[in-house]
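What follows is one structure encoded as structure tokens, with my remarks underneath.
Nothing in this text is a laboratory measurement; each read-out follows from the coordinates by a stated rule. For clarity, every value in this text was computed on a predicted model and none was experimentally measured. Ideal geometry is used to build each Cβ from the backbone, glycine not excepted, and the neighbour counts take in all protein chains shown.
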Amino acid sequence: MLHEDMSISKKLLKHLDTKKVKYTVVPHKTVFTAYDLAQTLRAKLEDIAKTLVVKADKNHLIVVLPGNRRLDFSKLQKLVKAKKVDIAKEDVMQKVFGVKPGALTPFGALYKGAPVLIDTALAKAKKILAGAGTYEESLHMTVKDFLKATEGKLGNFSEKSKIKLQQSQNHRIKKSQQH
């Protein structure tokens, strides 16, 4: 469970260390969306791991796609062989996953082994920024380490979005923050 001050949970840090992945904790101003994170850190949208909760029939899945893409419901429906696929309601975040809306990490093992699906478009990035379970911190890691830590299955379920950032400079991440 997350601390009241919304700092990264010890459970998440332990999970990452157990998986033996390298990551950098990146502090930033409060953000609620992948777009806001990219704007704040001057990162590319395609390098932001956007994490969504989807209801496929009666099951909840964690789906992760690049910030510059949007969910293609028909592709996801075919991939998971569901009759109905939809974005889960916000109260599901608290009821099912025990987190505030917008604070879900893509690491399904932290949520009773919730299935994680990762869009293949995200695997094209070298390094990504992923949610750390707070509104003020993110995790920077290689895609290889991200895939290892999420234990997610790759699939093609996104489509291009027309969203563009206002600037395109990359954020420099301090070496002193790496783990």
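For this structure, a couple of remarks:
- 5 angstrom amide H check on Ser158, placed H, neighbours 5+ away: Asp72
- Cβ-Cβ FRET estimate between Phe32 and Arg70, R0 fixed at 22 Å, reported to 0.05: 0.80
- Under Karplus coefficients 6.51, -1.76 and 1.60, residue-wise ³J(HN,Hα) of the stretch 71-83 in Hz, glycine/proline x: 5, 9, 4, 5, 5, 5, 4, 5, 4, 9, 6, 10, 6
- Protection proxy ranking, peptides 10-20, 144-154, 33-43, average beta carbon neighbours within 10 Å, highest first: 33-43, 144-154, 10-20
- Cross-link partners for Lys75 among the aspartates and glutamates, with Cα-Cα distance under 20 Å and sequence neighbours closer than 8 places in the same chain left out: Glu46, Asp57, Asp86, Asp119, Glu159.
- Highest average packing first - 120-131, 21-32, 62-73, Cβ atoms within 10 Å: 62-73, 120-131, 21-32
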